[in-house]
1. At what distance in angstrom do the alpha carbon centres of the stretch 412-427 and the stretch 137-169 lie from each other?
2. In square nanometres, what is the average projected area of the Cα convex hull of the stretch 12-307?
3. Counting each pair of different Cα atoms once, what's the Kirkwood radius of the stretch 261-345 in Å, rounded to one decimal?
4. Of the peptides 64-77, 106-119, how do they stack up when ordered by the mean number of other Cβ atoms within 10 Å, highest first?
5. Taking the alpha-carbon centroid of each part, what is the distance from the stretch 190-211 to the stretch 374-395 in angstrom?
6. Report the equivalent ellipsoid semi-axes for the stretch 203-287 in whole Å, largest first, defined as the square roots of five times the eigenvalues of the gyration tensor built from alpha carbon atoms.
7. What nm value, rounded to one decimal, do you get for the distance between K164 and T519 when each label is placed 7 Å out toward the C-beta?
8. Give me the Å³ per residue figure for the convex hull around the C-alpha atoms of the stretch 388-483.
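What follows draws every value from the coordinates through simple rules; no lab data is involved. Bear in mind the structure is a predicted one, so any value in this text is a computation, not a measurement. Cβ sites come from the backbone with ideal geometry, for glycine too, and all protein chains shown count toward neighbours.
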Amino acid sequence: MTPTKAPSADEQLIASPASGVSDSPPDLRFLHYNDVYHVEAGSREPVGGYARFQTLVNYYRDNERFEGQPKVLTFFSGDAFNPSIESSITKGKHMVPVLNNIGTDVSCVGNHDLDFGVRQYRYLTAKCNFPWLLANVLDPALGEGVPLGNAQKTVMLTASNGVKVGVIGLAEREWLDTINSLPPDIIYKSASATAKELIPGLKEQGAEIIVCVSHQREPNDNKLAANTGGDLIDIILGGHDHYYNYSHVNGTHVLRSGTDFKQLSHVEAWRKPEGKGWDFKITRRDIVSSIPEDPTALALVDEQTQDIRKRLDKPIGYTAAPLDARFTTVRTRESNIGNFVCDLMRYYYNADCCIMAAGTIRGDQIYPPGVLKLRDIVNCFPFEDPVVVLKVTGKAIFGALENGVSNYPALEGRFPQVSNISFEADYSKPPRSRIGNVLVNDEPIDMEREYVLATRGYMGRGKDGYTSLLIEEEGGVAKEIVSEENGVLISTILRQYFMSLKVLGRWKRMGPSMNNRFTSIQTNLEKNHKHNFHDASPTSPTTAGPPQPPSVDRVVRDTAHQTEGDEEDPDADEDEDDGPMYDDSVPIRFNERQKEVVRKVMRKWWRLAGLKNSPNACDELETKEFQVNWTKAIAPRLEGRIKEIGGGFGDKA
């Protein structure tokens, strides 16, 4: 029976056991969910949200309807610690009590669970009350045959009625390419081969049923079922895809249970009469608004969101240049904040170039030189479609640029901000024929060549007229390298980057691989957006002497002395209220020459940003604004990437 099209609070039968089997109580009961990110409910049905989800979990665990039946075992198939606005602030920590309170018994490692680095993953999973499994991705640095992040390969669960349930965790090769930083020399083993190697051992230990929790695409789950057969794996509980689906392949049941607390599966299992194999009854539940919210879960959500709101006011970075995020700028011309974020997206994914629709930038203000708070980043980049990486032709890029300037001078969000691309826009010409002299990596664009492009998932779905970037899955021709499910939010990338710049507040659990990655990103960004670093005041209480940016060797040495999986809070040096992160109470004195340099810089920026007639649009730098001893300061600039010809705003100034 297929589920109804409209989300419903009713149970929806997905798979039925053989006739007559379900007349007796089941021998086992499972709950399954996967890919959850937001604890708060959404606005569209099914609204999801942890509080309503917990209500249904409690129902299947405690309702008198199930009295006398075995207690449910709860399986999670990975992806909880990222991406979401919440995780960009907590680095996944907000999900730990949620997963624990649900009563999760076992989880597979998802690719996004590693977005903040292996060390952060180890910190988070050490707080979980259940094991994380990953049998076929190995890290030789941890020992021969040891899985990535010290995950377990298999686990044996015992149901309340004594039935032994053998569980194995498997992942696909493809998601390794989506993880931001991995230890070197990672070994991937075939999921099917690993299952054939390990499952006999589970059966020797007394496993009466074999469950695979996986984090791989549906075709790969089906392939695993086809290669292993019903005699090896009884049911695959999958994740990674963000939709609900069930199939039966070669005697193995394959299930994925939606996403984001919007769906839940209740699975009942009976031994087949002949004693070989299992019959399953699978019921889908949609988490709709008519389901009441569990009070305890709701209190936890309120507590977490309150803490998140407090963290939003924490300083995260420092800019030595005004960041122009006004709609009148980003939607009509090159912007320094557009240049900076596009460059960061490109270097983060090692792409050839980047195009970002200016509507991505929602600040609509000039952020003056000085401290940037986390709230600034989240408010300026609030969208929750991740960065994607596409392989597209030069012709597609050209078409995207034509689309981007087609409605100029209207303040449309489609206007393109770019990286490693420069072009001329002749606004005296009709739409779709305005673009000329396009360069990619300082070379004329090759219409037939394929380029690796970083952009927003929104644009990969052809939104805002970007049909030339439409991915194959949506009916276009662009080839996905990093999909939306595997991408990272812009707000998360920005937070990770600013963490990498910190001098006094070192991101403790960054780890060598994350540090090396962001050192490379910093080096690349310095080519266009010079970092500033100023010696601290000798009397500053935040440092015993002029601090220096930490070297790669020092960070590697420091992190090597930290125990894998220890319980030291990785946020302790940046989020706890243990004193000021920076000190602006000490008067700083500049000589007249230095002051004049500062004023010239500001006047030049006003002119380039079109502010020469609006000197009050941004506060002039005071001398104390240049005193920052807890981080490197960014200084994004304009570079002439977008040249206006004929009819542009620049001609009217």
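1. Each part's Cα centre sits 50 Å from the other's.
2. Working: hull surface 59.1 nm².
Average projection, Cα convex hull of the stretch 12-307: 14.8 nm².
3. 19.3
4. 106-119, 64-77
5. If we compute the Cα centre of each part, the gap is 41 Å.
6. Working: eigenvalues 99, 47, 23 Å².
They are 22, 15, 11 Å, listed from largest to smallest.
7. Taking the two extended label points, one gets 4.8 nm.
8. Roughly 85 Å³ of hull volume per residue.
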